[in-house]
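A.B. asks: Got a structure for you, written out below as structure tokens; questions coming shortly.
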Amino acid sequence: MSVDLGIPQARPKPIAPRRKSRQIMVGSVPVGGDSPVSVQSMTTTLTSDVNATLQQIAELTASGCQIVRVAVPSQDDADALPAIARKSQIPVIADIHFQPKYVFAAIDAGCAAVRVNPGNIKKFDDKVGEIARAAKDAGIPIRIGVNAGSLDKRLLEKYGKATPEALVESALWECSLFEEHDFRDIKISVKHNDPVVMINAYRQLAAQCDYPLHLGVTEAGPAFQGTIKSSVAFGALLAEGIGDTIRVSLSAPPVEEVKVGLAILESLGLRERGLEIVSCPSCGRAQVDVYSLADQVTAALQDFPVPLRVAVMGCVVNGPGEAREADLGVASGNGKGQIFVKGQVIKTVPESAIVETLIEEAVRIADEMGVDVTGEGPGAAVTVS
């Protein structure tokens, strides 16, 4: 007898059709075309410290990161690239500034892609032909990464500052130089710290080329501010079908960047949802401690391997409706909670037992789907305590 739990839920249709872009391969990860939007991050270790860098890449991989970028500001960093590229479980992009010789070192090292910043590499335009030939021979794509903080002086003089038009002109000019050498294995980013400028730049760029686009709000700030900026900017563009890969730039550990990036994609229906907590903001109607309940449920289920929508509601106004629509939920009042599973009330428990009961029901749901989360069976995925 099959149990219809409705899990995983069908992914909602995208808000808008995806922009038509050419597809490139960053190692094993397709970027652009019909491929899913991928999530990137960047290591904060010294690249020359191979062990530390690989350890951080492993942590990023475990968090869901699909592509990782490493900085290459010195010869020691360039010398470390072969070992890192060979041992990393996800594609490695070498981030190059100032010295064009490191572009060739990254290609020779077997990196999956190279990011170049035309605005701060000396005589970069003179090196385009040589770079194009080396990248084409190796089958390695190039990201042309234009940043507001390092825009070519010629364009700053022309526009007065890093306007959307200046960022787009810089990127398309560099693309045209590569195109002269029959190289089109390119993706582009035009980053700015102001989400409004960034959004306008990507809109213009999307309308003028078919290259895949890497979204980013550069120097977005500390975790809270950077999350808001990135969510606003990425949400606006992805909702219009613009964007093929993303990196959330936070002044925080890179794993946090990945978590935010994945959450943005899940919220837009661009990634299969994992754990989703629906909880009320609380108000004078609440008769239980909603904040603590939501935090405890989130902490207990954060690594749960089954996608769940869990509603934690604090009063009888919206509580029953939200709990009924979730896979699992509680509608609370008078120090008690009605526990819902797939729209049906299965029991009423005291407030002190709400979290424990929700966890027990989550484990039961997983068990009925054939997923062992107790840590005891051969297919155990996570221990829930």
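The values are calculated or read from the model by the stated rules, or taken from the named source; none is laboratory data. Just so you know, these numbers come straight off a predicted model, no measurement behind them. Neighbour counts are summed over all protein chains in view; Cβ atoms, including those assigned to glycine, are modelled from backbone coordinates with ideal geometry. We work out accessible area using only protein heavy atoms, side chains counted, and drop any ligands, DNA or RNA first. Shrake-Rupley method; radii C 1.70, N 1.55, O 1.52, S 1.80 Å.
A.B. asks: If GLU322 satisfies every condition in (1) open to solvent by 40 Å² or more (accessible area, probe 1.4 Å); (2) touching a His at 6+ places or on another chain (Cβ under 9 Å) but one, which is the exception?
C.D. replies: (2)
A.B. asks: Among the candidates ASP108, ASP77, ASP125, single out the residue that is at pLDDT 95 or above, part of a helix (DSSP H, G or I), among the charged types (D, E, K, R) and surrounded by fewer than 17 Cβ atoms within 10 Å (Cβ to Cβ).
C.D. replies: So the residue among ASP108, ASP77, ASP125 that is at pLDDT 95 or above, part of a helix (DSSP H, G or I), among the charged types (D, E, K, R) and surrounded by fewer than 17 Cβ atoms within 10 Å (Cβ to Cβ) is ASP108.
A.B. asks: Consider VAL258 carefully, then state whether it is open to solvent by less than 60 Å² (accessible area, probe 1.4 Å), touching a strand residue (DSSP E or B) at 6+ places or on another chain (Cβ under 7 Å) and either at pLDDT 85 or above or on the phi > 0 side of the Ramachandran plot (or both).
C.D. replies: yes
A.B. asks: Related question: How many of the residues making up the stretch 317-353 are of a type in the set (Asp, Glu), closer than 24 Å to GLY274 by Cα and assigned to a helix (DSSP H, G or I)? If you could, list the steps in order and put the result at the bottom.
C.D. replies: Let us first name the residues in the stretch 317-353 that are of a type in the set (Asp, Glu), namely 322, 325, 327, 351.
Retained after the next criterion (residues that are closer than 24 Å to GLY274 by Cα): 322, 325, 327.
Keeping just the survivors that are assigned to a helix (DSSP H, G or I) gives 322, 325.
Total satisfying the criteria: 2.
A.B. asks: Could you figure out which of (1) assigned to a helix (DSSP H, G or I); (2) of a type in the set (Gly, Ala, Ser); (3) surrounded by fewer than 22 Cβ atoms within 10 Å (Cβ to Cβ); (4) touching a residue at least 40 places away in the same chain (Cβ under 8 Å) isn't true of SER231?
C.D. replies: (4)
Let's see how each residue does on (1) closer than 19 Å to ILE93 by Cα; (2) charged (D, E, K, R):
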residue: ILE144; (1), (2): yes, no
residue: LYS161; (1), (2): no, yes
residue: PHE183; (1), (2): yes, no
residue: LYS187; (1), (2): yes, yes
residue: TYR202; (1), (2): no, no
residue: GLN208; (1), (2): no, no
residue: LEU215; (1), (2): yes, no
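A.B. asks: Could you list, in sequence order, the residues of the stretch 135-166 that are part of a helix (DSSP H, G or I), in contact with a Phe, Trp or Tyr (Cβ under 9 Å, 6 or more places away or on another chain) and buried (at least 20 other Cβ atoms within 10 Å of the Cβ)?
C.D. replies: Hits for the stretch 135-166 are ALA135, LEU155, PRO164, ALA166.
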